[in-house]
C-alpha cells in the first residue's frame, strides 16, 4: 500500500516556505504521496444559507492544486502528488487536461488526478457552471481528458463537448494520467468501473460495509470488461484519537481489503475521522511521523 498525507492548509496556511518545508519533511519521513484539496471559492456562512459552516467558508485557505503541486514537484524528488479532489465540473475540460498533462510532464510522471463533482452551489454560480448536471458532465469530462492525453489529435462530439480534430501539447509521456474519482453518490461506482483508475472514498470506517461496497465496485468493473485489480482504492485515515495499536489494526484491515492507498488526514473531523489537537506545522509533522512509525511494516 502507498501512504500519503493531506496538506493541512486550514491550520497552517499557505506560506511558500511553509508548504515547501512540509512537503520535503513528508518526503523525508518516507511518505509516498502528498494530496491537495480543492476549492476555488468559499461562501460566507453569515449571509448564505446554503453554506455549511462546518465545511468550506471564505476564510479557509486553499492554494490552486495545479499551482501548488507544480511548485512542490520542483522542491521534491520522489514524492508523488494527487488532487483530493479537484472539482472538475467547475472547470473547462480541455484546460484541466492541459494543466494535468503539464504537471505530469514537469513532475516526471508523479501526478495522479483525483476528481469529484463538488457540493457547494456557490462555487458553481460564481464560475458560471451548472450545479445540477455536474455529475453527468463529469462522466463525459473523463472521456474527453483521457482522449486528449492519449491522442495527438482528437475528434469528439458529445452532449457537453465538441473537439474538432485538435489536441494538447505536451501530453503525458505514458499517454495517460491516473484518473481517480471521489465521492459516494450512487452513480460514482459505475463511472469508475467504466472510466476510472481508482476510487477515493472517505466515508467508510473499517467494517463490513466497506468490504461490501468494495466488492460492488469490483463486480461493476468486471461487468464493464475491465480487470478489477487495475482499479485502486484510496481510503482516508486519521490519528487524532486512539492508540498506535488501533492505527495498526485499521491499516491491517485496509490491506486485507485490497486497499492500494491510504491518506492520513490530520485536520478532517467528520464521520469516523478525528483531527489532531495541535494546529502548527510541527504538530502536523509530529503526528505524521508517529503514524508512519506505527504502521510502516504493514504497508
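Please treat every number below as a calculation from the coordinates, not as lab data. From a predicted model like this one, the values you see are computed outputs, not experimental measurements. Using ideal geometry, Cβ is built from the backbone for each residue, glycine included, and neighbour counts are taken over all protein chains shown.
Using mean Cβ contacts within 10 Å as the protection proxy, how do 80-91, 4-15, 113-124, 175-186 order, highest first? List each step's numbers first, then the result.
Numbers: 80-91: 24.4, 4-15: 19.5, 113-124: 22.2, 175-186: 17.7.
Going by the mean number of other Cβ atoms within 10 Å, highest first, we get 80-91, 113-124, 4-15, 175-186.
Rounded to the nearest 5, what % of DSSP beta bridges with both residues in the chain are antiparallel? Show your work: numbers first, answer last.
Working: 4 of 32 bridges.
In the chain, approximately 10 percent of DSSP beta bridges are antiparallel ones.
To the nearest µm²/s, what D does Stokes-Einstein give for segment 193-292 at 37 °C and 0.692 mPa s, using the Kirkwood radius over alpha carbon pairs as Rh? Please list the in-between numbers first.
Working: Rh = 14.6 Å.
Translational diffusion coefficient: 225 µm²/s.
Could you calculate the FRET efficiency of residue 44 with residue 165 from 1/(1 + (r/R0)^6), where r is the beta carbon distance between them and R0 is 30 Å, rounded to 0.05?
So, using R0 = 30 Å, E works out to roughly 0.10.
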In nm, to one decimal, how far is the residue 21 label point from the residue 224 one, both placed 7 Å along Cα→Cβ? 4.3 nm
Full-extension gain in nm, residue 260 to residue 140, via 0.36 nm per residue minus C-alpha separation: 40.6 nm
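By the gyration tensor of its Cα atoms, with a ≥ b ≥ c the square roots of the eigenvalues, what is the shape of segment 87-211: rounded for a/c under 1.5, prolate for a/b over b/c, or oblate?
Numbers: a/c = 1.83, a/b = 1.30, b/c = 1.41.
Here segment 87-211 falls in the oblate category.
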State the antiparallel share, in %, of DSSP beta bridges confined to segment 146-299, rounding to the nearest 5. 30 percent
Please give, to one decimal in nm, the separation of the simple spin-label points placed at residue 105 and residue 298, each 7 Å out from Cα toward the Cβ. 4.2 nm
Ranked from highest to lowest mean number of other Cβ atoms within 10 Å per residue, what is the order of the peptides 223-230, 188-195, 250-257? 188-195, 250-257, 223-230
Based on the Cα gyration tensor of segment 1-149, what are the three equivalent ellipsoid semi-axes, each the root of five times an eigenvalue, rounded to whole Å and given largest first? 26, 21, 11
Using only the alpha-carbon atoms, how far is helix 93-106 inclined from the longest principal axis of the chain? Give it as 0 to 90 degrees, nearest 10. 50 degrees
